[in-house]
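J.: After the structure tokens below, expect a handful of questions from me.
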Amino acid sequence: MHVKVIIKRIRKLFGMIAVSDDNLIDKNKNSILIDISTINKYDAGTGIQRVVRSVVSNLLSMNLEKFIVRTIISNGRINYIYNQLHSLSNIDRKFNQVNNEKVIARPGDMFLGIDLSPKDILRNKGQIIRWKSAGVRIVFFVYDLLPARNPDWFHRTTSRRYLKWLNFVVDHADHVICISRTVADDFALWIAQNRPGNANGPDIGVIRLGSDFTTSMRTTTMPDNAEKIFSWMRAKRTVLMVGTIEPRKGYDQALKAFDLIWQNDQDNAPHLLIVGRPGWKSALLQAKIRNHVCYGKSLLWLEDASDTFLAALYQKCAGLLLASRGEGFGLPMLEAKAYGKSVLVRDLPVFREVARGSATFFHGEEPEDLANAINGWLATIDVNKQEAEDATQAGNWQTTANDILTMLGVLDSTNNKTV
């Protein structure tokens, strides 16, 4: 017998004996099928993963009258399989409980592409198109259009794949959910500029992201040197920057700005603490940070921080600096404000939208521009103490989940009850 035939039969056998979760599924309900393919492979702990983890956790905890929430993943070929994840009550639980049971979608079901998974979506595009033809509503999250608008910030493969994914979303999505009005407007503008003949594009909606940081925690460990770092932060005011080390995040300008500050007043100059994983197209910048003359003295870079440790860093810092040149939202801003911290951010439309007036903005690309802004901002912090922003005002992750379901007609907008 041919080897390929044997392999095919073995795979089929494993599929037949895989543990089914049908006893947990109400056959009278439609399914909300949430694609978590990327976070299932690797949870980088960045902003998108925090959104996915928080929203999925809240959706799974809801008892809906007409729908059941099920998580699914791409099996690496051309099919989706059930992930078997029914609860995220334990924050250390992994997204990797797989039973190899192929997803069977029915008319009235919804596919929710909450995870940014261009490669998996394009691989499974045939299945998604068939689902839509069979009466499944297709919904995608759009976090930003940066790979389309600023391809130089990303690897060429990333930008090209994103463009293919974006065109697929425009062609086949029934609804697109954006994380800010700025992103929604940019998405509509991109369609008008690049797909002017697309008169039947998806409905575009906007949701509010949560800022209750603790509900999205995935890891709780503290490093062995945590107290040493806290002591370093207590020695001088510490400015915190959070985000992957990559071209758009503005670390290049920030490092040069702090060079000027440290040169002018070493005794009273603040510390700079960077928390973020090493990213792409930034090898030289990473080397500059690690080999900086002030590293270990006025400058530290933590490549990995648990959620509990990051929460403690928010609490102990003087304020947050967000120097990014492009974002879809800027989640660290809300997280810092939730701990009563002042934020200094680049003057971008999306930051104006998210900050709602409670932030200090800086202009300019020169190191001197940012150095002057930092000095003025820190002087303001010394005079005006911030109060922690009430999560009920800023929005929380349960509100985000409710907004999604209301937008999709699952909940009544007046009382958050199922319809």
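The values are calculated or read from the model by the stated rules, or taken from the named source; none is laboratory data. From a predicted model like this one, the values you see are computed outputs, not experimental measurements. Backbone-built Cβ (ideal geometry, glycine too); neighbour counts: all protein chains shown.
J.: Kindly indicate the residue of region 110-123 that is more than 18 Å from the chain's Cα centre (by Cα) and surrounded by 22 or more Cβ atoms within 10 Å (Cβ to Cβ) and also nearest to Thr157 (Cα to Cα) among those meeting that condition.
T.: Within region 110-123, the first condition is being more than 18 Å from the chain's Cα centre (by Cα), and the residues that meet it are 110-111, 122-123.
Pick out the ones that are also surrounded by 22 or more Cβ atoms within 10 Å (Cβ to Cβ) and you get 110-111.
Working: Met110: 30, Phe111: 26 Å.
Taking the candidates together, the pick is Phe111.
J.: Ala199 - would you say it is in contact with a His (Cβ under 9 Å, 6 or more places away or on another chain), of a type outside the set (Asp, Glu) and surrounded by fewer than 18 Cβ atoms within 10 Å (Cβ to Cβ)?
T.: In short, no.
J.: Working only within region 220-273, note down all residues that are surrounded by fewer than 12 Cβ atoms within 10 Å (Cβ to Cβ) and among the polar types (S, T, N, Q). Give the steps one after another, and end with the answer.
T.: Pass one, region 220-273, residues surrounded by fewer than 12 Cβ atoms within 10 Å (Cβ to Cβ): 224-225, 227-228, 231, 234-235, 263-268.
Listed by number, the residues that qualify are Asn225, Ser231, Gln263, Asn264, Gln266, Asn268.
J.: Could you say whether any residue in region 221-237 is β-branched (Val, Ile, Thr), closer than 28 Å to Trp153 by Cβ and either in contact with a helix residue (DSSP H, G or I) (Cβ under 8 Å, 6 or more places away or on another chain) or in a helix (DSSP H, G or I) (or both)? Give the derivation first.
T.: The first filter runs over region 221-237 and keeps only residues β-branched (Val, Ile, Thr), leaving 221, 229.
Adding the requirement that they be closer than 28 Å to Trp153 by Cβ leaves none.
So far as region 221-237 goes, no, none of its residues is β-branched (Val, Ile, Thr), closer than 28 Å to Trp153 by Cβ and either in contact with a helix residue (DSSP H, G or I) (Cβ under 8 Å, 6 or more places away or on another chain) or in a helix (DSSP H, G or I) (or both).
J.: Give the residues of region 50-70 that are touching a residue at least 40 places away in the same chain (Cβ under 8 Å), assigned to a helix (DSSP H, G or I) and either in contact with a strand residue (DSSP E or B) (Cβ under 9 Å, 6 or more places away or on another chain) or among the small types (Gly, Ala, Ser) (or both), sorted by residue number. Step through it out loud before you land on a result.
T.: Of all residues in region 50-70, those touching a residue at least 40 places away in the same chain (Cβ under 8 Å) come to 50-59, 62, 64-68, 70.
From the residues that got through so far, the ones that are assigned to a helix (DSSP H, G or I) too are 50-59.
Passing the criteria: Val51, Val52, Ser54, Val55, Val56, Ser57, Leu59.
J.: Here is a further query. Check whether at least one residue in region 188-208 is of a type in the set (D, E, K, R) and within 25 Å of Gln49 (Cα to Cα), and report yes or no. Lay out the reasoning, then the answer.
T.: Quick first cut of region 188-208, residues of a type in the set (D, E, K, R) only: 195, 203, 208.
Cutting the leftovers down to within 25 Å of Gln49 (Cα to Cα) gives us 203, 208.
Within region 188-208 (the criterion being of a type in the set (D, E, K, R) and within 25 Å of Gln49 (Cα to Cα)), the answer is yes, since at least one residue qualifies.
J.: Against the definition (farther than 24 Å from Gln49 by Cβ and either buried (at least 18 other Cβ atoms within 10 Å of the Cβ) or in contact with a helix residue (DSSP H, G or I) (Cβ under 8 Å, 6 or more places away or on another chain) (or both)), how does Ser324 come out, yes or no?
T.: no
J.: Within region 238-255, track down each residue that is touching a residue at least 60 places away in the same chain (Cβ under 8 Å) and part of a helix (DSSP H, G or I). It would help to see each step written out before you state the result.
T.: Restricting attention to region 238-255, the residues satisfying the condition of being touching a residue at least 60 places away in the same chain (Cβ under 8 Å) are 238-244, 246-251, 253-254.
If the condition is that a residue be touching a residue at least 60 places away in the same chain (Cβ under 8 Å) and part of a helix (DSSP H, G or I), then Pro247, Arg248, Lys249, Tyr251, Gln253, Ala254 are the ones that fit.
J.: Restricting attention to region 110-135, report how many residues are closer than 23 Å to Ile179 by Cα and outside any helix (DSSP H, G or I).
T.: Qualifying residue count for the region: 8.
J.: Output the number of residues of region 271-308 satisfying the condition of being under 17 Å from Phe154 (Cβ atoms) and of a type in the set (Phe, Trp, Tyr).
T.: The qualifying residues number 1.
J.: Among the residues of region 23-49, count how many are assigned to a loop (DSSP other than H, G, I, E, B) and either at pLDDT 75 or above or not assigned by TED's automatic domain parsing to the domain that holds Ile81 (or both). Break it down into steps so the answer makes sense when it comes.
T.: Just the residues of region 23-49 that are assigned to a loop (DSSP other than H, G, I, E, B), to begin with: 25-29, 36, 42-46.
After this cut, where a residue has to be either at pLDDT 75 or above or not assigned by TED's automatic domain parsing to the domain that holds Ile81 (or both) as well, the list is 28-29, 36, 42-43, 46.
Qualifying residue count, region 23-49: 6.
J.: Of the residues Leu189, Leu166, Leu209, only one is within 24 Å of Ile73 (Cβ to Cβ), in a helix (DSSP H, G or I) and of a type outside the set (D, E, K, R); which? Before the answer, list the steps.
T.: Numbers: Leu189 fails: within 24 Å of Ile73 (Cβ to Cβ); Leu209 fails: in a helix (DSSP H, G or I).
The match here is Leu166.
J.: Could you tell me which numbered condition Pro118 fails, if it satisfies all but one of (1) out of contact with any Ser or Thr (no Cβ under 8 Å at 6 or more places or on another chain); (2) at pLDDT below 90?
T.: Among (1) out of contact with any Ser or Thr (no Cβ under 8 Å at 6 or more places or on another chain); (2) at pLDDT below 90, the lone unmet condition for Pro118 is (2).
J.: Continuing with this model, one more query. Quick one: what pairs do we get from region 91-114, first residue at negative phi and of a type in the set (D, E, K, R), second in a loop (DSSP other than H, G, I, E, B) and modelled with pLDDT under 95, C-beta under 7 Å, 6+ apart or different chains?
T.: Close Cβ pairs (under 7 Å, with a partner that is in a loop (DSSP other than H, G, I, E, B) and modelled with pLDDT under 95) amount to Glu101/Ala18; Glu101/Ser20; Lys102/Asn79.
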